[in-house]
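The structure appears below as structure tokens.
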Amino acid sequence: MSDTDLCYIPATDLAAAIRLKRVSPVEVVNAILARIEQYNPQLNAFCLVTVDAARQAAQAAEQAVMRGDRLGALHGVPVSIKDLVITKGVRTMRGSKLYEHDVPTEDAPVVERLKAAGAIILGKTTTPEFGFKGVTDSPVTGISRNPWDLERTPGGSSGGAGAAVATGMGPLAIGTDGGGSIRIPSSFCGIYGLKPHVGRVPVYPGSTLGDLSHVGPMTRTVRDAALMLNVIAGADDRDRFSLPTSHPDYLTEVEGEIRGLRVAWSPDLGFAIVDPQVRAITAEAVQAFAELGCHVEEVNPGFDNPGVLFLHFFYVNIGAMLQDYPGYEHQIDPQLLANITEMHGVSGPDYARSILRRGAIFEQIRRFFATYDLLL
């Protein structure tokens, strides 16, 4: 098997092959590190590669296989971590000069769980500063590129993760998503990404977005994301929103029957401006659900546009956090500064009304899903 083949084996198959001693974790990690060395200078998908630690972990993983130790679900499988998620002993810059030299003393819950399942950490993937925009560039790490076209963005804010997975620089990546930060780069890079339900995967430390920001898998296959979600989901005392540990086996669930589901299809949610090319592509993709036996209906869900609320939660919260850093105005991304400055006029009552309005939007959505199983 060639190094390129090794780099594109799905994580589900890779974990099984390692368990059966058909593939060596050392062989896999070396192949992926070589690929990172080859392509990362062009793409800037990784802002930090932990080469020595990854090789040491791969050797330990191989020894465990040879000893016949009990192996975790991701034993020997490489994974990358978005640089907003803290990693013990490894810099977490958050795309910001304010954190450029920050080295956390603990792992985030998802990192702990990945390590406990035997996954091998490759390093940290690039993000815009504090994950604030849908493209990936920052004052610290520069511009990240789309592997399909170097003149285009991989999206954001988990753009480095999207580019890494798409180019075989690891089958699994951890992303974060508040307003599309997993979904946008997954779309732009042609991979699969999931923003889990709030609380499904514990978030710690808490985001400036509060419970709007979630942690989730970015992979090349749906089954790989299900395997990863099995590992990272579940309660953690550090996240007060986290849900009980008991959850279905997502790998089993993805094989379930969807025939008969009531599916609502909305090109624009009733308020969004949609490029005609995007509208045409998505309308064609919707037909797959009809072919699988779902009852598909084009609808206008009647949701309110949540854009202003999102801006309030995101930029007011970031602005409040930055007050602890005197002189931050001269160090952060100019676009981020402009967005924060624009929100300076938001009053306490304005912010409180946004919280109430969010509750009202939730009620709209709850009523909608009393009629439909899925919304496309």
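A few comments on the model shown:
- If you go through the range 7-58 and keep only what is part of a helix (DSSP H, G or I) and either among the basic types (K, R) or outside the structural domain of D69 (by TED's automatic domain parsing) (or both), you end up with R19, R35, R55.
- Near pairs, Cβ below 8 angstrom, 6+ apart or cross-chain, from the range 328-346 (in contact (Cβ under 8 Å) with a residue 60 or more places away in the chain and over 14 Å from L98 (Cα atoms)) to any residue that is part of a helix (DSSP H, G or I) and hydroxyl-bearing (S, T, Y): N339/Y315
- Selection status of K21, closer than 30 Å to Y99 by Cβ and of a type in the set (D, E, K, R): no
- Considering G118, G142, G155, the condition of being surrounded by fewer than 23 Cβ atoms within 10 Å (Cβ to Cβ) and on the phi > 0 side of the Ramachandran plot is satisfied by G142 alone.
- Among the candidates Y351, Y372, residue that is surrounded by 12 or more Cβ atoms within 10 Å (Cβ to Cβ) and in a loop (DSSP other than H, G, I, E, B): Y372
- The set of residues in the range 282-321 being farther than 28 Å from P128 by Cα and either of a type in the set (A, V, I, L, M) or not assigned by TED's automatic domain parsing to the domain that holds L374 (or both) consists of A283, A285, V286, A288, A290, L292, V296, V299.
- Just one residue in the set S207, S187 is hydroxyl-bearing (S, T, Y) and either touching a strand residue (DSSP E or B) at 6+ places or on another chain (Cβ under 6 Å) or farther than 20 Å from L43 by Cβ (or both); that residue is S207.
- Hits in the range 325-348 (condition: surrounded by 12 or more Cβ atoms within 10 Å (Cβ to Cβ) and assigned to a helix (DSSP H, G or I)): Y328, E329, Q335, L336, L337, N339, I340, T341, E342, M343
- Where E297 falls short, out of the listed (1) over 24 Å from Y351 (Cα atoms); (2) free of Cβ contacts under 8 Å to residues at least 12 places away in the same chain: (2)
- Hits in the range 283-318 - residues which are of a type in the set (V, I, T) and at pLDDT 95 or above: V286, V296, V299
- Test: G95 is assigned by TED's automatic domain parsing to the domain that holds T208, surrounded by 24 or more Cβ atoms within 10 Å (Cβ to Cβ), over 22 Å from I9 (Cβ atoms) and out of contact with any Cys (no Cβ under 7 Å at 6 or more places or on another chain): yes
- Condition met for L376 (within 24 Å of L261 (Cβ to Cβ), touching a helix residue (DSSP H, G or I) at 6+ places or on another chain (Cβ under 7 Å) and in contact (Cβ under 8 Å) with a residue 60 or more places away in the chain): yes
- Put simply, of G175, G123 the only residue that is more than 18 Å from Y99 (Cβ to Cβ), at pLDDT 95 or above and not in a helix (DSSP H, G or I) is G175.
- Scanning the range 28-47 for residues that are more than 19 Å from R145 (Cβ to Cβ) and of a type outside the set (V, I, T) yields N30, A31, L33, A34.
- Residues in the range 283-324 that are under 26 Å from the mean Cα position of the chain (by Cα), of a type in the set (G, A, S) and surrounded by fewer than 16 Cβ atoms within 10 Å (Cβ to Cβ): A283, A285, A288, G307, A320.
- Restricting G190, G180, G175, G199 to those that are surrounded by fewer than 21 Cβ atoms within 10 Å (Cβ to Cβ), outside the structural domain of V316 (by TED's automatic domain parsing), within 17 Å of A108 (Cα to Cα) and touching a residue at least 24 places away in the same chain (Cβ under 8 Å) reduces the list to G199.
- Unique match (being more than 19 Å from D69 (Cα to Cα) and not acidic (D, E)) among R35, R19: R35
The values are calculated or read from the model by the stated rules, or taken from the named source; none is laboratory data. In this text the structure is predicted, and so the values were computed from the model without any measurement. Neighbour counts run over all protein chains shown; Cβ positions are idealised from the backbone, glycine included.
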